Amino acid sequence: MATVSIQARIEESIKIKAQEVLEKQGLDISTAIKILLTKTANEGEFPMSLRTKDEKSVERQEMEKRVSLLLSKMASENRKIDPNNKKDMEDLLDGWD
């Protein structure tokens, strides 16, 4: 399989910081880029979330919303979640495939 060369322009400080992080993991920038592009091509999507550490993923937000709704419903029925109760767990996990 033929290979091609890719060039990218980036601030020097970003390159230096990334190089330091990657070296601690035994990688260089070229290998990291190859991994990123290979995973993107193989998985058909960008292989990581583009959010800051403080932002929650859409999946996490949806999970929190569902748990909150379930807890409110159970509280209004004067029930508590019992992890040994199959119905409670089905209600909690329904649709989280």
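A short reminder: the numbers here are calculations on the coordinates, not readings from a lab. Bear in mind that the values here come from a model prediction, so they are computed numbers and not experimental data. All Cβ positions, glycine included, derive from the backbone under ideal geometry; neighbour counts span all protein chains shown.
When all alpha-carbon pairs of the chain are counted, what percent fall beyond 21 Å? Provide the component values of the computation, followed by the final result.
Numbers: 2800 of 4656 pairs.
Above the 21 Å cut-off, the chain has 60 percent of its Cα pairs.
I want to make sure I understand the PRE zone here: with the label point 7 angstrom from the Cα of residue 62 toward its beta carbon, which residues in region 73-92 have backbone N atoms less than 16 Å away?
Within reach of a label on residue 62, which here means backbone N under 16 Å from a point 7 Å along Cα→Cβ, region 73-92 contributes 92.
Using the 10 angstrom Cβ neighbour count as an exposure proxy, how do 62, 90 rank, fewest first?
On the way: 62 13, 90 9.
Final ranking by Cβ density, sparse to dense: 90, 62.
Which of 15/39; 39/87; 39/86; 24/65 have a Cα-Cα distance over 28 Å? Walk me through the intermediate numbers first.
Numbers: 15/39 21 Å; 39/87 39 Å; 39/86 38 Å; 24/65 38 Å.
Beyond 28 Å between Cα atoms: 39/87; 39/86; 24/65.
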